[in-house]
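Comments concern the structure below.
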Amino acid sequence: MLQTLLRYILDHQEEIVAACCLDSGKTKIDACFGEILVTVEKLQWTIKHGEKALLPSKRPTNLLMSYKSNTVIYEPLGVVAACVSWNYPFHNFISPVISALFSGNAIVVKPSEQTCWSTSYFLKLIRGALHACNHSPMLVQNIICLPQGADYLTRHPGISHITFIGSKDVAHKVCASAAKVLTPVTVELGGKDPVIVHDDPKTLAALPDVASILLRGVFQSGQLNSFHSVYMH
């Protein structure tokens, strides 16, 4: 299924880039590198190394427990969820889907309400790959709602794990909501960092370039831009 998805992305990357640009306002070059390239790399890594990463593995013991052996065995969690940010609408949407499906889980994704138009298109291409490989397209669900409605998802007892990509302030709310039913949460947090520009002649001469770089950083990486996880216990 992941190989089918990879081939579709490579064959239709112009349409995917266009959708990302229309929905988030980014440039095509940013979408090529930040959406297509990183997603293709994750797919290729998972296809090549994923099975080995999930094989049972031995763990060392100590003298007192020398009569026992330790083995880690990975099992699917069931239904997991992801709440993802707006700044990489394709990559942030599909990245947790790749990990969830590969490790044997179904997944519910809540995209940012700021970029929900494009994620409806991305959902169709993921479901198309599932259908082409004789898997249920319903393994991936897309929930579109305003932030105040997301609490229903994050505290739902049927969710076994939550991935959150976004700001620190919202992460507090997601974790507090998930704690009500003791759902584990993985967070990847972004935000705005302070910048100091020194007033030496060289810096001042390059101030227009510095300002351009800072603005690009703010709007391109308002949240952290990569996420990798495997949904297993």
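No value in this document is a laboratory result; all are computed from the given coordinates. Remember, it's a predicted structure, so these values are computed and weren't measured experimentally. Please note: Cβ atoms are built from the backbone with ideal geometry, for glycine as well, and neighbour counts cover all protein chains shown.
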Residue of Ser66, Ser160, Ser99 that the Gaussian network model of the chain assigns the largest fluctuation, springs spanning Cα pairs under 10 Å: Ser66
The chain: most fluctuating residue of Glu15, Glu113, Glu35 per GNM, C-alpha cutoff 10 Å: Glu15
Column: log10 I(q)/I(0), Debye, Cα scatterers of the stretch 1-105, q = 0.11, 0.18, 0.24 Å⁻¹: -0.47, -0.90, -1.27
Within a Gaussian network of the chain (alpha carbon springs, distance under 10 Å), most fluctuating of His172, His198, His156: His198
Amide H within-cut-off set for Gly190, under 5 Å, with H built and near neighbours excluded: Gly166, Ser167, Lys168, Leu224
Bins of 5 Å, starting at 0 and running to the largest distance - Cα pair percent for the stretch 131-205: 3, 12, 17, 16, 12, 8, 8, 6, 5, 5, 4, 2, 1
Candidate aspartates and glutamates for bridging to Lys26, where Cα separation is under 12 Å - those fewer than 8 sequence places away on the same chain excluded: Glu35
Mean-position separation - Cα centroids, the stretch 168-214 and the stretch 58-113, in angstrom: 25
Helix-derived mean residue ellipticity, 222 nm - over the chain, DSSP H n ≥ 4, -39500 (n - 2.57), to 500: -13500 deg cm²/dmol
Violating pairs (Cα-Cα greater than 28 angstrom) within the set Lys48/Lys168; Lys110/Lys180; Lys124/Lys180; Lys28/Lys124: Lys48/Lys168; Lys124/Lys180
For the chain, alpha-carbon Rg over 2.2 N^0.38 Å: 1.16
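Charges at C-beta only: +1 for Lys and Arg, -1 for Asp and Glu. How large is the resulting dipole of the chain about its Cα centre, in Debye rounded to 20? Don't skip to the answer; put the middle values down first.
Values: 19 positive and 17 negative charges, 169 e Å.
Magnitude of the dipole: close to 820 debye.
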